[in-house]
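In what follows, a structure is listed as structure tokens, so that the remarks can point back to it.
The values are calculated or read from the model by the stated rules, or taken from the named source; none is laboratory data. Worth saying up front: this structure is predicted, and the values here are computed from it rather than measured. Quick reminder, even Gly has a Cβ in these numbers, built from the backbone with ideal geometry, and neighbours come from all protein chains shown.
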Amino acid sequence: MRAQHCDYFTPARHIGSSVVIRAVTLLAGSLLGASAACAQPSDKPADNPYTAHYTSEGTTACLYCHDVERMRLISKTPHGNKNNPDSPFAQHGCESCHGPGSLHATRSRRGRGRPPMIDFGINTSTPPENQSQRCLNCHGKKMGKLDAMQWKGSVHGSPWKDDAGKVHEMTCSNCHEEHTDHDPIQDKQTQAKTCYSCHKKEEKEHPRFKEQAIAFDKLSCWDCHDVHQLIPQGR
Ligand code: HEC
Ligand code: HEC
Ligand code: HEC
Ligand code: HEC
Ligand code: HEC
Ligand code: HEC
């Protein structure tokens, strides 16, 4: 496997972050040990066009640099369950979500960081649609007890315009957090807070259905609204 180390871990030329320093220290050993196989280390121009592929070391390759507690937590969630063949960690590990990382893991671009990975969240470099698609590669189909999600074309899965005419698009990360063993949207106590951040009116004015004897405040929003597959009304 030594030759693969050469392929994956060209020493970083741009030391822009302490995570890289850690990797260089760690990797110096394997590079030295593999010096024969690495007689001609890959040193192509920073913007070479070849396409990234999945690393053969998977999660191990990523944790060389991203070895912080928050990243490791995912192994304690259903996504980290290697015994479930549908789970990311039974497939390409971190790269099942973040995309093929061979270039990112090996190359820094002087002064401009590394070739980017799929980056989840609000206002990241990855467009919302591409983020959701990554999750839907799996969640768009039935997996064990989980039904396939009908996200596309749903109310939350469709772009909308605000009063100023600006177009917004939601991603799974508007509601979910993945690098945690406690996703606040999946906790009845904290779920409504996220919903109310957009649905300010409902915080004050949501019908309480008293005449139907419904104990509204004991329910979570999810008990009544499947927010993934809400059907748009009159749109
Ligand atoms: C040699 C160190 C190193 C390795 C190995 C590495 N990363 Fe990174 N990663 C970084 C640095 C440094 C950043 C900060 C952004 C930059 O400088 O480009 C980063 C940023 C990121 C980001 C934020 C988005 C972005 O692209 O900036 C994600 C997501 C990410 N890495 C995922 C991964 C995954 C998944 C792997 C395994 C395939 C991996 N990284 C392997 C050093 C590394
Ligand atoms: C490689 C396939 C795969 C990808 C990619 C994937 N998931 Fe999952 N996800 C699963 C599986 C499998 C489960 C566990 C199902 C079970 O427990 O039966 C799961 C469970 C979940 C759960 C519920 C369990 C929990 O406590 O976290 C959420 C929420 C979730 N995924 C969100 C996401 C989001 C958001 C993304 C994209 C950032 C994503 N998933 C990407 C396969 C995937
Ligand atoms: C508007 C907020 C919101 C968005 C956006 C959202 N989710 Fe969810 N998701 C929820 C809520 C609320 C739950 C239910 C939590 C609970 O169990 O109480 C949930 C539960 C889940 C579950 C567990 C399902 C189950 O039946 O137990 C999965 C898997 C999941 N979401 C995946 C995704 C994926 C993938 C995306 C993006 C394509 C996404 N979600 C976008 C709010 C959201
Ligand atoms: C289920 C999909 C999924 C898997 C698997 C996954 N990530 Fe992430 N990653 C995300 C999401 C979503 C975010 C946005 C922040 C969040 O939700 O916690 C993120 C954020 C990041 C970031 C950005 C910086 C930060 O602190 O948020 C880095 C770096 C990263 N992940 C690295 C990794 C590494 C390393 C692994 C493997 C150990 C990994 N990810 C596995 C979905 C995933
Ligand atoms: C990032 C903003 C955002 C978040 C967070 C959010 N929503 Fe929405 N939601 C919207 C938008 C935009 C619409 C469509 C326009 C509208 O009807 O207000 C919508 C529509 C709805 C609708 C109306 C569906 C219809 O047919 O008109 C319901 C019900 C709803 N959301 C419930 C929830 C629940 C429950 C949560 C929390 C689990 C949540 N939303 C979180 C933005 C959000
Ligand atoms: C007991 C079931 C129930 C619970 C719990 C519930 N809702 Fe609703 N919600 C409804 C019904 C029914 C409607 C449609 C009401 C109507 O049209 O008069 C609705 C409508 C809405 C709408 C759309 C209003 C519109 O303009 O059409 C939003 C947004 C919403 N709920 C958000 C939430 C949020 C956020 C929570 C959690 C705090 C929540 N709901 C909890 C049953 C519920």
Pairs with Cβ under 6 Å, 6+ apart, first in segment 102-126 and touching a residue at least 40 places away in the same chain (Cβ under 8 Å), second of a type in the set (A, V, I, L, M, F, W, C): 102/52; 103/52; 104/117; 105/61; 106/9; 108/12; 109/46; 115/103
Test: residue 137 is farther than 30 Å from residue 158 by Cα, at pLDDT 95 or above and not aliphatic (A, V, I, L, M): no
Test: residue 131 is touching a residue at least 40 places away in the same chain (Cβ under 8 Å), within 14 Å of ligand 3 (Cβ to nearest atom), not charged (D, E, K, R) and not in a loop (DSSP other than H, G, I, E, B): yes
Single residue of 140, 144 found to be among the small types (Gly, Ala, Ser), loosely packed, with under 14 Cβ neighbours inside 10 Å and either within 20 Å of the chain's Cα centre (by Cα) or within 16 Å of ligand 4 (Cβ to nearest atom) (or both): 144
Matching residues in segment 215-224 - criterion: being modelled with pLDDT of 90 or more and either over 23 Å from residue 150 (Cα atoms) or more than 16 Å from ligand 2 (Cβ to nearest atom) (or both): 219, 223, 224
Residues being exposed (fewer than 10 other Cβ atoms within 10 Å of the Cβ) and in a helix (DSSP H, G or I) - total across segment 201-217: 7
